[in-house]
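Notes to accompany the following structure.
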Amino acid sequence: MADSLCIFEDDHFANLLPLTYCRPVYDLRCGMTTLREKIVRLFPGIPVHLHCRPYLADLVREQNPRTPVNAGGPRRTLFINGRVIAHEALAKKLRLKGNDVVLLSGDTVVAARVSDANLGALASAMESGPLSVESFGGLPRDVMEEQLVGYPWDLIGMNGQALVSDFSALVGKKKRLRGKIYPGADLLARKDIFIDAGSRIKPGSVLDAENGPIYVGKNVTVFPHAMIEGPAFVGEGSAIKAGAKIYENTSIGEVCKVGGEVEASIIHAYANKQHDGFLGHSYLGMWVNLGADTNNSDLKNNYGNVKVFINGAPVDSGSKFVGLTMGDHSKSGINTMFNTGTVVGVSCNVFGADFPPKYIPSFCWGGAKSLEVYDLEKALEVARRVMARRKHSMSDSEEAVFHAVFGLTKGERESIGAKRMTRPQD
């Protein structure tokens, strides 16, 4: 077995933008955990190393102070692509002893076993950016058919299955109902519901696990007359507002406030969608806020496949259901309408009547009528204010990532003709 485990990024991270502007691909959520947590769970006791794009390295080190970042491991290292949805069958294949080899699915590296004799050649590649087949030099190659996350809608499509497998792995034989369940709250299929300590399930609420498990983390409040249908996950410190309708295949991360109607969506963490309005087949990044009665479409009127703008070009998702993808720190005004398959970048402020464009570059301000450049310093000021409301101070590393993303997305704003705003951005 390997002496260390390195979870790496490849250049397909670009197909997961804007969600991967502020984090490595393996820190995206699917099911109850991140992709990285699933990988680590299957290889207990093995020291973990992380690889990421250079501009994210300081932030990843700050978030993982005892984990080497962009540095080769000792002796035999098992490299695993961070876009893998890890499962036991994959882990069994990779635990097998063997010679150095690169395991490919098509032209994508799924994993690689590399001994100390060949690790030195990888060192410079790990420091310079995403890894590729070429990064592993002349190592022997073999085939391993494996589905990896390629686009944001893949995370949504795999979320239900991931919720079920995560529930089985993380709950096991634990005591299921640890929080306070008030009289008048209904729990259907209780054996498939886990409610952690400090959580409160208020009167009139319904948790329905007949079609899949429900996991409620610590210190969650489910307000009266809210409904959660499994499979579903609600992370620690979150609140499900009164009358909310949380349908199947939904993951809500830590410290979120969620209301209205949500279906088959992932809300990463520290995000608010607490008012009425529909969110379906969507992924929201961190520190997002959707204004009251914000709605998105996730199905075209002709029931055709949804096309989504990825890296400047429309991509056929192969799915009839694709909603909103919104990057970190972005916001919508009240009554905002997002069309099917809309992508909103990092730190945008979207508002106004009619549907905004289906692709909004990072650091844009406006909507259907016009888009202007969101001043970087003003955006940082607002982000600090939002984070402080959750008792989180923006670190130097987080600010550096903000600056980096602003620079990386300059060309996109120029390509749509976004102008410097002349009026106050308040």
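Derivation of every value follows stated rules applied to the coordinates shown; laboratory data play no part. Keep in mind it's a predicted model, so treat the numbers as computed, not measured. FYI the Cβ positions are ideal-geometry reconstructions off the backbone, even for glycines, and counts take in every protein chain you see.
Quick one: if you stick a label point 7 Å off each Cα along the C-beta vector at ALA292 and LEU177, how many nm between them?
A separation of 3.6 nm, rounded to one decimal place.
Once each part is reduced to its C-alpha centroid, what is the distance from the stretch 214-259 to the stretch 1-50 in angstrom?
Between the Cα centre of the stretch 214-259 and that of the stretch 1-50, the gap is 25 Å.
Of LEU104, LEU139, PRO65, which is farthest along the charge dipole of the stretch 4-149 in the positive direction, counting Lys and Arg as +1 and Asp and Glu as -1 at C-beta?
PRO65
Residues with beta-carbon under 10 Å from that of ASP3, excluding ASP3: net charge, scoring Lys, Arg +1 and Asp, Glu -1?
With Lys, Arg at +1 and Asp, Glu at -1, the neighbours total +1.
I'd like to know which of ALA121, PHE8, SER395 lies farthest towards the positive end of the charge dipole of the chain, counting +1 on Cβ of Lys and Arg and -1 on Cβ of Asp and Glu.
Farthest towards the positive pole: SER395.
Go ahead and run the numbers for FRET between ARG384 and MET158, Cβ-Cβ distance against an R0 of 35 Å, rounding to 0.05.
0.55
How high is the FRET efficiency from ARG75 to PHE355, r the C-beta distance, R0 60 Å, rounded to 0.05?
0.60
Tell me whether the stretch 4-149 comes out rounded, prolate or oblate; compute the Cα gyration tensor, take square roots of the eigenvalues as a ≥ b ≥ c, and use a/c under 1.5 as the rounded threshold.
rounded
Express as a percent, rounded to the nearest 5, the fraction of DSSP beta bridges in the stretch 163-316 (both residues included) that run antiparallel.
Around 10 percent antiparallel, to the nearest 5.
For the chain, calculate the relative contact order in percent as a whole number, restricting contacts to Cα pairs under 8 Å that are 6 or more residues apart.
Taking the mean separation of contacting Cα pairs over the length of the chain, I get 10 percent.
Taking the DSSP beta bridges in the stretch 154-420 as the whole, what percent of them are antiparallel, to the nearest 5?
Beta bridges within the stretch 154-420, antiparallel portion: roughly 15 percent.
Order these by the 10 Å Cβ neighbour count, fewest first: MET32, MET286, MET326.
The fewest-first ordering by Cβ neighbours comes to MET286, MET32, MET326.
I need the calculated FRET efficiency for the pair LYS92 and ASN64, taking r as the beta carbon distance and R₀ as 35 Å, to the nearest 0.05.
0.85
Can you sort ARG176, ARG66, ARG389 by how many other beta carbons sit within 10 Å, fewest first?
Listed from fewest to most nearby Cβ atoms, that is ARG66, ARG389, ARG176.
Dipole of the stretch 346-426, Cα-centred, from +1 at each Lys and Arg C-beta and -1 at each Asp and Glu C-beta, to the nearest 20 debye?
It comes to approximately 240 debye.
Divide by every residue of the chain the summed helix terms, -39500 (n - 2.57) for each DSSP H run of at least 4, and state the resulting mean residue ellipticity at 222 nm, rounded to the nearest 500 deg cm²/dmol.
Computed mean residue ellipticity for the chain: -6000 deg cm²/dmol.
Counting other beta carbons within 10 Å of each residue's own, what order do LYS180, LYS241, LYS38 fall into, fewest first?
Exposure proxy ranking, most exposed first: LYS180, LYS241, LYS38.
When every alpha-carbon pair in the stretch 244-368 is counted, what percent end up more than 21 Å apart?
30
Considering the values (i) 25.4, 80; (ii) 21.6, 65; (iii) 20.1, 62, which represents Rg and Dmax of the Cα atoms in Å as calculated for the structure under consideration?
Here Rg and Dmax of the Cα atoms in Å agrees with entry (ii).
Contour minus end-to-end for ILE416 and ARG41, with contour as 0.36 nm per residue of separation and end-to-end as the Cα-Cα distance?
Stretched out fully, the ILE416 to ARG41 stretch lengthens by 130.7 nm.
How large is ³J(HN,Hα) for each residue in the stretch 54-68, as worked out from phi by the Karplus curve 6.51 cos²θ - 1.76 cosθ + 1.60 (θ = phi - 60°), to whole Hz, x for Gly and Pro?
For the stretch 54-68, the Karplus-derived couplings read x, 5, 8, 4, 5, 5, 5, 5, 4, 6, 9, x, 9, 10, x Hz, x marking Gly and Pro.
Give, in nm to one decimal, the length gained when the segment between ALA121 and ALA368 is fully stretched (0.36 nm per residue of separation minus the Cα-Cα distance).
Additional length available on full extension: 83.9 nm.
Taking the Cα atoms of the stretch 177-240, what is the range of coordinates along each of the three principal axes, in descending order and whole Å?
Cα extents, longest axis first: 25, 22, 17 Å.
Across the stretch 38-50, in residue order, what do the Karplus-derived ³J(HN,Hα) couplings come to in whole Hz, using 6.51 cos²θ - 1.76 cosθ + 1.60 with θ = phi - 60° and x for Gly and Pro?
Here the 3J(HN,Hα) series is 5, 5, 4, 4, 8, 10, x, x, 9, x, 9, 10, 10 Hz.
Assigning unit charges at the beta carbon (Lys, Arg +1; Asp, Glu -1) and nothing else, what dipole magnitude in debye, to the nearest 20, does the chain show about its Cα centre?
1200
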